[in-house]
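The values are calculated or read from the model by the stated rules, or taken from the named source; none is laboratory data. If you're wondering where the values come from, they're calculated on a predicted model, not measured in any experiment. A quick note on method: Cβ atoms are made from the backbone with ideal geometry, for glycine too, and the neighbour counts reach across all protein chains shown.
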Amino acid sequence: MTSPPGYWYYDTDLLPIPGWVHASIDQPWQWGGNAGTTVGTNFIGTSNNQGFVMRTNGVERMRLTTAGLVGIGTITPAEQLDVVGAVLVNATAVGNNAGTMRFNAATGAHEGNVDGTANWYQLENVFMKERAQPYMSDPTPACGYAASVALYPTIDNPAFPATTLVGTIETPYSRFWEDGRHQYLYQASDLSTLGICPNTNINGAGFSATSGGGAAIINTQLSMKNTTNVAWPTLDPAGWTVCHTAASFTPVAGWNMHNFNVTPFQWNGTWNVAVEFCFNQNDWTSNVGVNAETTNYTALYGIYCDACGHAFTPGSATCFFSSCPIGTPVPNPGGVLCTGYSHTNGCSLLTTSTLTTCDGTFQYVGAQGSANRRPLLKLNAQINTIIPVQLSGDFIYSPNGVVVERTANWGLGGAAPNQRFKGPGTIDAEVGVWGGTVLLSDHVFDMYYDGKPREEDMARAAGYQHYPIAEMANYVEREHHLPTIDGRDKWNSQGKFSLDDINTQLWVTVEEQALYIKELNERMDLLRQHLVRKRLAELQKSGN
């Protein structure tokens, strides 16, 4: 032995075959580990252009190639790590490193990190089971309205702490005073995060009340506007789109939707959005609080008063006008004593309005102010989405239709009534719709010819009966449907039939009809033979 130079010894226990071993002067790696090692200097591996192999029981289990590729179960790895067999990942990750894969025991699925944040994305998706994740697909998302109030998009920023608005300046339902005007600012990012489609109609807005009942709020009005303002430190009197009005409105506990009955509103997709709620009534009771959140900017401004907007004479015991709003005049020498409604209603209050009341003999002073709070807001708006989903459970919920196509844009073709997309709640397929539980009906012929079905068809054949033609006709006249196809009563009592069940019923019906055709053909043959015999007998009798 000459390479490398040094002393060699012959090892008869060397595997897989005995051979010479170099007696290196360097300290060997010990079974119990080595002390005094230096990272970057000491290593296990090769110093020549050869790969590093690990074996157990004399069989190679892992190889590290000279190119730095690791193979487990293969001697020719094609990637940085090439495993022939399964990889078990059953624990969470240490950090939020991009490219990391972990197992989420709560959902029973694996997750991957793609951006180095706390946002992990489920790897198993769509096939077999939907596990607490949105259904994702490649088609271009389309705008659409949610199917119910419960699914309307709601502005509720998780970064803002939850709170409630009860004070008269803050809550939109401030019944403690007769006139109120409340304005709230929502950010463009609130709407874009929810996927609300720009330049499409918003048809309603609502607040979540903490309680309900009591006296109605009179002459309410809800308005909206696009704005470049990033805070709301004062009242904004101009540029509003009046969307909803109501002569009387009584809050209920939970969401109160004000469905727009004047003009729909459109968000321009770029600016922030402001919402105003105001009213003008002639009595007062108590405020109704709404669920809200504390913001990091000034998000509301409110103003309230009782029968304000008058030319009040300080020190007088009553308040007189030359005229009063319709329905409230009280004749009095020197003018008219006004009660209830003010000359300036709540929707017309300004920061410069006189806030001293002029409500008969009652004289109070209203108030105004701002706060870093805003109500939660639900919008009946179109959402940019493919398929809204149920976020938990083993099914996909969608108020839209589903089109399965092999040819690009196949589902967009066709004109009514032959369009390929049949609308919400339907499934349309270019090639076909297959149900994996088709029920075989071989029992029809087995029972007809053999008197009993095969064992594997016993469950399906339970309750099946082949009616003679006359009895079948009587059954149809009585029940108004074939005995082999479930009728309207079963449809109404058990719900709509599955595609597989309908196919099987049609299958059984076709086989039943084939048997009836066979029986009719046999009767025709017998009748023909009878007529032939009768004719021959007549000919013989006549001597012909």
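For Asn96, indicate whether it is assigned to a loop (DSSP other than H, G, I, E, B) and touching a strand residue (DSSP E or B) at 6+ places or on another chain (Cβ under 7 Å). Yes.
Just give me the residues in the stretch 141-153 being surrounded by 15 or more Cβ atoms within 10 Å (Cβ to Cβ) and either closer than 26 Å to Leu300 by Cα or of a type in the set (Val, Ile, Thr) (or both), in sequence order. Let's see the steps before the verdict.
Quick first cut of the stretch 141-153, residues surrounded by 15 or more Cβ atoms within 10 Å (Cβ to Cβ) only: 143-147, 152-153.
If the condition is that a residue be surrounded by 15 or more Cβ atoms within 10 Å (Cβ to Cβ) and either closer than 26 Å to Leu300 by Cα or of a type in the set (Val, Ile, Thr) (or both), then Tyr152, Pro153 are the ones that fit.
Glu111 fulfils the conditions (1) closer than 27 Å to Val402 by Cβ; (2) at pLDDT 85 or above; (3) not in a strand (DSSP E or B) except for a single criterion, (3). The numbered conditions (1) assigned to a helix (DSSP H, G or I); (2) surrounded by 15 or more Cβ atoms within 10 Å (Cβ to Cβ) are all true for Arg528 except (2).
Within the stretch 45-68, the set of residues being surrounded by 10 or more Cβ atoms within 10 Å (Cβ to Cβ) and outside any loop (DSSP other than H, G, I, E, B) comprises Phe52, Val53, Met54, Arg55, Glu60, Arg61, Met62, Arg63, Leu64. Only one entry in Asn256, Asn280 is in the same structural domain as His182 (by TED's automatic domain parsing), crowded, with 18+ Cβ neighbours inside 10 Å and in contact with a helix residue (DSSP H, G or I) (Cβ under 9 Å, 6 or more places away or on another chain), namely Asn280. Taking the stretch 164-188 as the range and being under 35 Å from the mean Cα position of the chain (by Cα), over 18 Å from Asn256 (Cα atoms) and of a type in the set (S, T, N, Q) as the test, only Gln187 passes.
Being surrounded by fewer than 16 Cβ atoms within 10 Å (Cβ to Cβ), under 33 Å from the mean Cα position of the chain (by Cα) and aliphatic (A, V, I, L, M) is the requirement here; does Ala231 meet it? Outline the logic, then answer.
Details: surrounded by fewer than 16 Cβ atoms within 10 Å (Cβ to Cβ): yes; under 33 Å from the mean Cα position of the chain (by Cα): yes; aliphatic (A, V, I, L, M): yes.
When the stated conditions are applied, Ala231 passes them.
Within the stretch 509-519, can one find any residue that is loosely packed, with under 15 Cβ neighbours inside 10 Å, of a type in the set (A, V, I, L, M, F, W, C) and over 50 Å from the mean Cα position of the chain (by Cα)? Looking through the stretch 509-519, at least one residue is loosely packed, with under 15 Cβ neighbours inside 10 Å, of a type in the set (A, V, I, L, M, F, W, C) and over 50 Å from the mean Cα position of the chain (by Cα).
Are there any pairs with C-beta distances below 9 angstrom linking a residue in the stretch 204-232 that is assigned by TED's automatic domain parsing to the domain that holds Trp271 and under 20 Å from Ala292 (Cα atoms) to a residue that is basic (Lys, Arg) and part of a strand (DSSP E or B), with the two at least 6 apart or on different chains, and if so which? Sorted first by the residue in the stretch 204-232, then by its partner, the pairs are Gly204/Lys378; Ala205/Lys378; Gly206/Lys378; Phe207/Lys378; Ser208/Lys378; Trp232/Arg374.
Each row is one residue, and each column tells you yes or no for (1) loosely packed, with under 10 Cβ neighbours inside 10 Å; (2) at pLDDT below 70; (3) in a loop (DSSP other than H, G, I, E, B); (4) touching a Cys at 6+ places or on another chain (Cβ under 8 Å).
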residue	(1), (2), (3), (4)
Met1	no, yes, yes, no
Trp8	no, no, no, no
Ile25	yes, yes, yes, no
Trp29	no, no, yes, no
Asn34	no, no, yes, no
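A count restricted to the stretch 190-228 and to residues that are among the aliphatic types (A, V, I, L, M), in a loop (DSSP other than H, G, I, E, B) and either crowded, with 21+ Cβ neighbours inside 10 Å or out of contact with any strand residue (DSSP E or B) (no Cβ under 8 Å at 6 or more places or on another chain) (or both) stands at 1.
Working carefully through the options Asn418, Asn400, find the one that is closer than 30 Å to Asp156 by Cα and either assigned to a loop (DSSP other than H, G, I, E, B) or modelled with pLDDT of 75 or more (or both).
On the way: Asn418 fails: closer than 30 Å to Asp156 by Cα.
The conditions single out Asn400.
Scanning the stretch 239-286 for residues that are on the phi > 0 side of the Ramachandran plot and part of a loop (DSSP other than H, G, I, E, B) turns up Gly239, Gly269.
Tally the residues that are of a type in the set (A, V, I, L, M, F, W, C) and farther than 17 Å from Gly463 by Cα, restricting the search to the stretch 476-492. Can you show your working first?
We begin by selecting, within the stretch 476-492, every residue of a type in the set (A, V, I, L, M, F, W, C); these are 476, 482, 485, 491.
If we keep only those that are farther than 17 Å from Gly463 by Cα too, we end up with 476, 491.
Qualifying residue count, the stretch 476-492: 2.
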